[in-house]
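Structure first, then comments.
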Amino acid sequence: MGGDVGPAGGRPSPDAPSARPAASALGARPTVGLDIGGTKTLAALLAPDGAVLAQTRISTERGPDAVVDGAVRAVRGVVRQAGVDVADLDAVGVGVPGLVDHETGTVRHAVNLGLEAATLPLAFRLAAELGVGVVVDNDLNVAALGAAHLAPGAGRRPVDLAFLALGTGLAAGLVLDGVIRRGSGAAGEIGHVPVDPAGPVCACGQRGCLELYASGTAVERLWPARTGRPAPVELFEAAAAGDPAAIAAQESYADAVAAAVRMLVLSVDVRGVVLGGGVAQLGEPLLAAVRDALIRQAKASPFLASLALPERVLLAPGHVPVAAVGAAVLARTTPPPAPAAPTP
Ligand SMILES: [Zn+2]
């Protein structure tokens, strides 16, 4: 996957190493960020200057105790790699799916993690185990923060981008003028904007939601995998080989992702839309297909053409765990919740 990411384009000049978005808020000690997903937990150790010092991944086990134990192991593992002690950390940040109250550090309805039944006071439990402050946020919010942190030229002005996750579902994390847009929890849920009143019924109860056309699951419906490899890989390979049905399916999928990009820019005018999630592992071929779709769609509209949408679409960097890095950035810029056990 390409490492080009950044709303403004261009790379930071080598004589401006401290020009990182969160630099002004950095503490003097490193932080660790975790991205706890349904199958794996990614960890990143961030230096005070914002550089990624170490990264690791472990499998995620389901259930409250297993999630906490796994998070503790991931933190200890990543600091050990760099010869640092947990006690040397400024704080730990965690990104998780589900409904997160970032002020109390609690998680609900994280079905992928086996946390559907009760509220998990994740920040409190982790802080008690590790002896450092812990902040918790939604995984897409920290992914957007990570993409903002890693964006070239990010220090020159407040970063303004959406992290569009093309995974099981479809949703975006938003960093607007350098700040995470949380709203009441629904910010960036563009997957459930209906785009076809005659379309199939979505799991949310509406009809023809964008998620049914632009998510990773949508690719599987368009082009079911035949060899056991990921459906997006098989689709894009067949299209590249000239299969007319695959070319049509690929264009239809790219059109839907382009619609998501258009929706994000037209609603909040982000300077960049970073493609992430499982489908984005396709890398450059996905980026090219989506840019082509945006060019096609703007042909009849001088208005759309004036927005330069193809130039705003970027790929999440493939060499670092973006959401884990974002969680580490969050840890250094957000005070942890008060160290009292929340009522479950
Ligand atoms: Zn829906």
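Rule-based calculations on the coordinates, nothing more; no lab input. What you see is a predicted model; the values in this text were computed from it and never measured. Don't worry about glycine lacking a Cβ; one is built from the backbone with ideal geometry, like all the others, and counts go over all protein chains shown.
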| Subset of region 270-315 [touching a residue at least 40 places away in the same chain (Cβ under 8 Å) and in a loop (DSSP other than H, G, I, E, B)] | V270, R271, G277, G283, L307
| Is region 233-246 home to any residue that is under 30 Å from D101 (Cα atoms), touching a residue at least 24 places away in the same chain (Cβ under 8 Å), surrounded by fewer than 19 Cβ atoms within 10 Å (Cβ to Cβ) and not β-branched (V, I, T)? | no
| query | For region 146-158, does any single residue satisfy the condition of being out of contact with any Pro (no Cβ under 9 Å at 6 or more places or on another chain) and of a type outside the set (K, R)? | reply | no
| query | Any residue in region 131-144 that is hydrophobic (A, V, I, L, M, F, W, C), within 18 Å of R262 (Cβ to Cβ) and surrounded by fewer than 24 Cβ atoms within 10 Å (Cβ to Cβ)? | reply | no
